[in-house]
1. When you scan segment 16-38, how many residues do you find that are exposed (fewer than 11 other Cβ atoms within 10 Å of the Cβ), of a type outside the set (A, V, I, L, M) and over 25 Å from GLU86 (Cα atoms)?
2. Of all residues being more than 12 Å from the chain's Cα centre (by Cα) and in a helix (DSSP H, G or I) in segment 32-60, which is nearest to ASP16 (Cα to Cα)? Just the residue, please.
3. Identify all residues within segment 71-81 that are touching a strand residue (DSSP E or B) at 6+ places or on another chain (Cβ under 9 Å), part of a loop (DSSP other than H, G, I, E, B) and not aromatic (Phe, Trp, Tyr); write none if there are none.
4. Got a number for residues in segment 27-44 being at pLDDT 90 or above and aromatic (Phe, Trp, Tyr)?
5. Pull up segment 61-71, narrow it to residues that are under 15 Å from the mean Cα position of the chain (by Cα) and in contact (Cβ under 8 Å) with a residue 12 or more places away in the chain, then point me to the one that is surrounded by the fewest Cβ atoms within 10 Å (Cβ to Cβ).
6. What are the residues in segment 72-94 that are at positive phi and buried (at least 16 other Cβ atoms within 10 Å of the Cβ), if any?
7. In segment 82-99, how many are at pLDDT 95 or above and either of a type in the set (D, E, K, R) or assigned to a strand (DSSP E or B) (or both)?
Amino acid sequence: MKEEDMPFLEDGTPVDIILNPLGVPSRMNLGQIYETILGWAGQELGKKYFTPVFDGASIDQINAETDEAGLPRLGQTYLYDGGTGERFEQTATVGLFICLN
């Protein structure tokens with residue numbers, strides 16, 4: 001898909017990857033969502049986070065970081081359609097994460 005066709009944030013920043021939300025519970029990987037939200041907060045605050053695999057940051061700790069960064073809790077924000085420019089009806093979780101293949 002071309003970058004100009006990808007959904008984008010209110011400030012015009014296009015998203016790079018779209019994950020199917022059904023893939024999270026089926027893989028029992030909530031950590032992926034937490035890492036994504038924490039990554040966005042870290043980018044805004046100029047911080048890097050290191051969390052153990054089975055004892056990572058809690059959602060309360062992550063919310064404290066998003067609050068400090070001035071970001072929406074749980075990374076929930078509206079995206080806009082790359083084709084029409086119209087705002088999608090539902091919010092989506094947005095953030096940053098490193099994806100290794």
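1. The number of residues fulfilling the criteria is 4.
2. Residues of segment 32-60 more than 12 Å from the chain's Cα centre (by Cα): 44-60.
Still in the list and also in a helix (DSSP H, G or I): 44-45, 59-60.
Numbers: GLU44: 18, LEU45: 21, ILE59: 24, ASP60: 27 Å.
Per the criteria, the residue is GLU44.
3. Taking segment 71-81 first, the residues touching a strand residue (DSSP E or B) at 6+ places or on another chain (Cβ under 9 Å) are 71, 74-81.
Next cut, part of a loop (DSSP other than H, G, I, E, B) only: 71, 78-79, 81.
Result: LEU71, LEU79, ASP81.
4. So the answer is 1.
5. Here is the first cut: in segment 61-71, the ones under 15 Å from the mean Cα position of the chain (by Cα) are 62-63, 65-67, 69-71.
Filter once more, so that each one left must be in contact (Cβ under 8 Å) with a residue 12 or more places away in the chain: 62, 65-66, 69-71.
Details: ILE62: 25, GLU65: 19, THR66: 21, ALA69: 16, GLY70: 9, LEU71: 21.
It comes out as GLY70.
6. Scanning segment 72-94 gives LEU74, GLY75.
7. The total comes to 3.
Residues checked against (1) surrounded by 15 or more Cβ atoms within 10 Å (Cβ to Cβ); (2) under 19 Å from CYS99 (Cα atoms):
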{"position": "ASP11", "(1), (2)": "no, no"}
{"position": "PRO14", "(1), (2)": "yes, yes"}
{"position": "GLY42", "(1), (2)": "yes, yes"}
{"position": "TYR49", "(1), (2)": "yes, yes"}
{"position": "PRO52", "(1), (2)": "no, yes"}
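The values are calculated or read from the model by the stated rules, or taken from the named source; none is laboratory data. Keep in mind that what you see is a predicted model, and the values were worked out from it rather than measured. All Cβ positions, even for glycine, are placed from backbone atoms using ideal geometry, and neighbour counts span all protein chains on display.
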